[in-house]
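**Q** To start, I am sharing the structure in question, which I have written as structure tokens.
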Amino acid sequence: NLRRLPDVWDFRARVIHHHLTQGFDVVHTDADALWLDNPLPHLAVNASIVGTRGNMPSIALEAWGATLCFGWIYFRNTPTALDVVYRLRRIMHHDKRPDDQISLNLALMQMQLRLQRSVGET
């Protein structure tokens, strides 16, 4: 049943997790994310996750100055990315009002990971 937004977010996280466990890298974009150029050359960086900037949850925003957003996100098939997605799914399942962006950033905070500046910035 994908009638509720949290169900869509849970399904999305399950699909990403499944593909990572099968050995694939995963690029996810929202339907309203416009690609102006091929992003793949920018993904040669040594990062498990590359994504667009967000602004929630506030605890992560205050700690890092930005958060990761699911609007456009790349998960490299690494143990770190797999652990992050596993944790975000677990956080969502224990939350009465689950949100995948909040859960993603809380998972990153649990793992004491940090955001680096944007690949496209100089």
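**Q** Could you tell me which residue of region 1-40 is surrounded by the fewest Cβ atoms within 10 Å (Cβ to Cβ), considering only residues that are among the aromatic types (Phe, Trp, Tyr) and within 17 Å of Val84 (Cβ to Cβ)?
**A** So the first thing to find is which residues in region 1-40 are among the aromatic types (Phe, Trp, Tyr), and the list is 9, 11, 24, 35.
From the residues that got through so far, the ones that are within 17 Å of Val84 (Cβ to Cβ) too are 9, 24.
Values: Trp9: 22, Phe24: 13.
Out of the qualifying residues, it is Phe24.
**Q** Give region 41-62 a look and list any residue that's surrounded by 15 or more Cβ atoms within 10 Å (Cβ to Cβ) and either farther than 19 Å from Thr29 by Cβ or hydrophobic (A, V, I, L, M, F, W, C) (or both), or say none.
**A** Ala47, Ile49, Val50, Pro57, Ala60, Leu61
**Q** On to the next question. Could you identify the single residue in Arg114, Arg89 that is among the charged types (D, E, K, R) and in a loop (DSSP other than H, G, I, E, B)?
**A** Of the residues listed, the single one that is among the charged types (D, E, K, R) and in a loop (DSSP other than H, G, I, E, B) is Arg114.
**Q** Another question, if that's okay. What is the one condition in (1) under 19 Å from Arg90 (Cα atoms); (2) part of a loop (DSSP other than H, G, I, E, B); (3) free of Cβ contacts under 8 Å to residues at least 24 places away in the same chain that Met56 does not satisfy?
**A** (3)
**Q** If you don't mind, there's one more thing I want to ask. Specify which of the listed residues (Ser48, Ser58) is small (Gly, Ala, Ser) and either out of contact with any Ser or Thr (no Cβ under 8 Å at 6 or more places or on another chain) or over 24 Å from Val15 (Cα atoms) (or both).
**A** Ser58 is the lone residue from the list that is small (Gly, Ala, Ser) and either out of contact with any Ser or Thr (no Cβ under 8 Å at 6 or more places or on another chain) or over 24 Å from Val15 (Cα atoms) (or both).
**Q** Let me ask something else. Does region 81-99 contain any residue that is exposed (fewer than 14 other Cβ atoms within 10 Å of the Cβ), closer than 19 Å to Gln116 by Cα and under 15 Å from the mean Cα position of the chain (by Cα)?
**A** no
**Q** If I go through region 1-31 residue by residue, how many of them are assigned to a loop (DSSP other than H, G, I, E, B) and free of Cβ contacts under 8 Å to residues at least 24 places away in the same chain?
**A** 6
Here, each number is a calculation from the coordinates, and none is a lab measurement. Keep in mind it's a predicted model, so treat the numbers as computed, not measured. Cβ: placed from backbone, ideal geometry, glycine included. Neighbour counts: every protein chain shown.
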